[in-house]
Amino acid sequence: MVEEYRTVAKDADAEIEVKRSRFLARIRRVGDEGAARAVIEGCRKQYWDARHHCSAFVLGPAGEISRSNDDGEPSGTAGAPILGAVTGRELSDVVVVVTRYFGGTLLGAGGLVRAYTDATLAGLDTAGVRRRRRAVRVEVTVPIADVGRVENAMRSIGLDVAGADYAADAIIRGALAPDLLGEANGVLASLTKGAGLIDETGSSWVDT
C-alpha cells in the first residue's frame, strides 16, 4: 500500500522558444480526470489561435491513471515526452498542457521531443514538489475545559486540524499520520486524566 507520494507544490506556467516556435507549459495540480480535462480545454480556449495543445496527466497515489495526447503533432513526439517528464519526477495528481505556436521552422521528431520535454521540465521546476502522506481521520473528544491545551498539544504532535464542534464536550476533527496515534493517545490521556477519547473515522491524504 502506498503511504506517501509526490505532487506539485503549486500551479505554474513556463515558456521556452525553439527556432521561433513558442512552447507554453501549464502545470496544474488536479484531483480527478474531469479536472485535468478542464485544464486542457481551458488552454484551448485561452490560446485558441495556437496549432497544438499537447498534454499529459497522472492521477492517484500510485499513478494508476495516466493519459497523453499529441494533439496533431507526429505520434510520440509530444504527449509521451510530456508524460515521461512527469513520471520521471515521480509526480502524480498533475496535468501538464504544452501549447505550441509554430515559428515557421520544422524541428523534426527529435527536436519536438526535446522541446516538449524541456518546456514541461521548465514548468515543473517552477511548480516545485510537495509530498502527500496517508493519514487517519480522527475525532478527539475532550472536556470543554481542556479543549485549548489539547488542541495545541495535538497540533504539536502533527494533527492536521480540520475543525471543532462544541457542546457538553468538544470534538476536534482532523487527520494524523497512523504512526502517531499511539503518541496522541498517550498525550490525550495525560492532559485529560483519561477523560479524552480518540475515534478513528476513516482515512485521507494530507500535504506534508
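The values are calculated or read from the model by the stated rules, or taken from the named source; none is laboratory data. Just so you know, these numbers come straight off a predicted model, no measurement behind them. No Cβ is skipped: glycine too gets one built from the backbone with ideal geometry, and neighbour counts run over all protein chains shown. The accessibility values were calculated without ligands, DNA or RNA, using every heavy atom of the protein model including side chains. Shrake-Rupley method; radii C 1.70, N 1.55, O 1.52, S 1.80 Å.
Assorted remarks:
- Residue match in the range 100-116 (condition: under 23 Å from residue 32 (Cα atoms) and touching a helix residue (DSSP H, G or I) at 6+ places or on another chain (Cβ under 7 Å)): no
- Within the set 71, 49, 11, the sole residue that is in contact with a helix residue (DSSP H, G or I) (Cβ under 9 Å, 6 or more places away or on another chain), more than 19 Å from residue 129 (Cα to Cα) and acidic (Asp, Glu) turns out to be 71.
- Within the range 17-45, if we keep just the residues that are closer than 20 Å to residue 115 by Cβ and in a helix (DSSP H, G or I), the residue that is nearest to the chain's Cα centre (by Cα) turns out to be 40.
- Index of the failed condition, residue 38 passing every other in (1) open to solvent by less than 70 Å² (accessible area, probe 1.4 Å); (2) in contact (Cβ under 8 Å) with a residue 12 or more places away in the chain; (3) more than 20 Å from residue 129 (Cα to Cα): (2)
- Residues in the range 52-92 that are in contact (Cβ under 8 Å) with a residue 12 or more places away in the chain, assigned to a loop (DSSP other than H, G, I, E, B), open to solvent by 10 Å² or more (accessible area, probe 1.4 Å) and in contact with a Ser or Thr (Cβ under 9 Å, 6 or more places away or on another chain): 60, 61, 62, 63, 70, 71.
- Sub-6 Å Cβ pairs linking a first residue in the range 9-24 that is in contact (Cβ under 8 Å) with a residue 24 or more places away in the chain and among the basic types (Lys, Arg) to a second residue that is open to solvent by 20 Å² or more (accessible area, probe 1.4 Å) and assigned to a strand (DSSP E or B), at least 6 apart or interchain, are 22/101, ordered by first then second residue.
- Hits in the range 75-92 - residues which are within 21 Å of the chain's Cα centre (by Cα) and of a type in the set (Ser, Thr, Tyr): 87, 92
Rundown of residues vs (1) out of contact with any helix residue (DSSP H, G or I) (no Cβ under 6 Å at 6 or more places or on another chain); (2) of a type in the set (A, V, I, L, M); (3) touching a residue at least 12 places away in the same chain (Cβ under 8 Å), yes/no style:
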site: 138; (1), (2), (3): yes, yes, yes
site: 141; (1), (2), (3): yes, no, yes
site: 155; (1), (2), (3): yes, no, no
site: 160; (1), (2), (3): yes, no, yes
site: 180; (1), (2), (3): no, yes, yes
site: 187; (1), (2), (3): no, yes, yes
site: 196; (1), (2), (3): no, no, yes
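- Sub-7 Å Cβ pairs linking a first residue in the range 94-121 that is free of Cβ contacts under 8 Å to residues at least 60 places away in the same chain to a second residue that is open to solvent by 10 Å² or more (accessible area, probe 1.4 Å) and part of a loop (DSSP other than H, G, I, E, B), at least 6 apart or interchain, are 109/74; 112/73; 112/74, ordered by first then second residue.
- Residue 76 being on the phi > 0 side of the Ramachandran plot and modelled with pLDDT of 95 or more: yes
- The range 93-108 - residue that is among the aliphatic types (A, V, I, L, M) and more than 13 Å from the chain's Cα centre (by Cα) and, of those, most open to solvent (accessible area, probe 1.4 Å): 106
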